[in-house]
1. Restricting attention to strands (runs of 3 or more DSSP E) lying wholly within the range 63-148, give those where 3 or more residues are touching a strand residue (DSSP E or B) at 6+ places or on another chain (Cβ under 6 Å) and at pLDDT 90 or above.
2. Being surrounded by 14 or more Cβ atoms within 10 Å (Cβ to Cβ), in a helix (DSSP H, G or I), modelled with pLDDT of 85 or more and out of contact with any strand residue (DSSP E or B) (no Cβ under 6 Å at 6 or more places or on another chain) is the requirement here; does residue 214 meet it?
3. Kindly provide the set of residues from the range 91-108 that are over 23 Å from residue 151 (Cα atoms) and in contact (Cβ under 8 Å) with a residue 12 or more places away in the chain, ordered by number.
4. I'm checking my understanding of the structure. Among residues of the range 305-319 that are in a helix (DSSP H, G or I) and without any contact (Cβ under 8 Å) to a residue 40 or more places away in the chain, which one is surrounded by the fewest Cβ atoms within 10 Å (Cβ to Cβ)?
5. Working only within the range 292-304, note down all residues that are at pLDDT 90 or above and surrounded by fewer than 18 Cβ atoms within 10 Å (Cβ to Cβ).
6. So, residue 351, is that one touching a helix residue (DSSP H, G or I) at 6+ places or on another chain (Cβ under 7 Å), surrounded by fewer than 18 Cβ atoms within 10 Å (Cβ to Cβ) and in a strand (DSSP E or B) or not?
7. Is at least one residue of the range 328-338 in contact with a strand residue (DSSP E or B) (Cβ under 7 Å, 6 or more places away or on another chain) and surrounded by 18 or more Cβ atoms within 10 Å (Cβ to Cβ)?
8. Hey, can you tell me all the residues within the range 271-291 that are under 18 Å from the mean Cα position of the chain (by Cα) and either assigned to a helix (DSSP H, G or I) or closer than 22 Å to residue 232 by Cβ (or both)?
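The values are calculated or read from the model by the stated rules, or taken from the named source; none is laboratory data. Predicted model, so just to flag it, every value in this text is computed and none were measured. Here the Cβ positions follow ideal geometry from the backbone for every residue, glycine too, while neighbour counts run over all protein chains shown.
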């Protein structure tokens with residue numbers, strides 16, 4: 001009889017997952033996939049919004065940088081001259097009887113900023129603030145002077161609403177696009193009119209704005225403007241606030257040189273600012289993106305964004321920016337009654353004027 005072992009090897013039964021365990025595992029997997037999808041979607045949306053915001057305000061950001069660079073180079077080239085006891089400089093009318101009394105600051109140049117420097121006759125639908133000054137930008141369109149990098153130019157910035165005023169006249173097939181626009185005025189050095197006797201009247205105490213108003217008006221009717229160009233579209237507000245430097249600021253003051261934003265280096269009624277540059281200029285630009293501009297329509301009449309009543313007093317700057325932000329965002333009850341949510345960006349910086357030699 002063959003030998004048979006007293007024991008046998010048995011293959012263990014295979015242990016499988018129960019239906020309940022499978023359902024729990026699938027539920028956990030679906031939950032994890034949902035969480036991962038949410039995170040991915042949120043990241044993609046954030047990236048899309050950030051990229052869109054950067055792209056939408058790229059032009060405005062570049063314009064703000066260009067503007068602040070130019071403003072920082074403003075100059076008055078002040079010097080000291082004799083004045084008589086009445087505070088008058090010597091001129092052709094008083095030269096025979098002029099008696100020197102003391103020294104006083106003097107400049108042949110001009111820095112002016114404020115709310116109502118421009119009218120509808122000089123530029124179409126001007127809004128908020130503007131400023132004009134001289135700076136050694138070296139700009140000329142003459143081949144005779146093109147290698148002279150420190151030539152003096154008349155320069156300025158303002159916001160207006162209308163069609164592209166720099167569009168060549170031969171582009172008749174291109175439809176008009178009504179937009180808010182930031183315009184830079186830069187007069188070629190060889191055409192600088194600040195010394196023009198028709199403007200100064202040969203009067204050393206002259207104070208008028210014809211040196212930039214006249215070229216602007218002439219260029220409005222020109223087929224190809226030579227003194228101004230569009231720096232950026234969709235800039236709805238420009239705010240210019242002259243300020244003290246931190247050294248000159250009085251204790252407890254808000255640092256502003258003007259309660260109503262107005263500054264004029266040739267205003268003889270203000271001895272503190274006469275022939276002086278402000279040490280610091282606070283520049284604020286408020287921009288909307290192109291998609292928001294399209295929402296506002298293509299009307300020849302500026303849309304009501306509640307801007308005309310804002311930026312009148314420098315002490316209310318922060319409040320006015322908040323109000324304008326509410327108007328643009330179509331916050332319920334906003335002062336403009338705007339119901340179209342617009343995407344906007346505020347650019348703001350304090351710019352030190354390198355040529356300022358402020359003295360109290």
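1. Working: elements: 79-83, 102-106, 112-114, 126-135.
Strands (runs of 3 or more DSSP E) meeting the threshold: 126-135.
2. Considered against the rule, which asks whether it is surrounded by 14 or more Cβ atoms within 10 Å (Cβ to Cβ), in a helix (DSSP H, G or I), modelled with pLDDT of 85 or more and out of contact with any strand residue (DSSP E or B) (no Cβ under 6 Å at 6 or more places or on another chain), residue 214 comes out as yes.
3. Looking only at the range 91-108, we keep the residues that are over 23 Å from residue 151 (Cα atoms), and these are 91-105.
Hits for the range 91-108 are 91, 92, 98, 99, 100, 101, 102, 103, 104, 105.
4. As a first pass, look at the range 305-319 and keep what is in a helix (DSSP H, G or I): 314-319.
Next, only the ones that are without any contact (Cβ under 8 Å) to a residue 40 or more places away in the chain stay: 316, 318-319.
Working: 316: 13, 318: 8, 319: 11.
Here the residue is 318.
5. Residues satisfying the conditions are 294, 295, 301, 304.
6. For residue 351, the condition - touching a helix residue (DSSP H, G or I) at 6+ places or on another chain (Cβ under 7 Å), surrounded by fewer than 18 Cβ atoms within 10 Å (Cβ to Cβ) and in a strand (DSSP E or B) - is not met.
7. First, pick out the residues of the range 328-338 that are in contact with a strand residue (DSSP E or B) (Cβ under 7 Å, 6 or more places away or on another chain): 328.
Restricting the remaining residues to those that are surrounded by 18 or more Cβ atoms within 10 Å (Cβ to Cβ) gives 328.
Yes, the range 328-338 has at least one match.
8. The answer is 281, 282, 283, 284, 285, 286, 287, 288, 289, 290.
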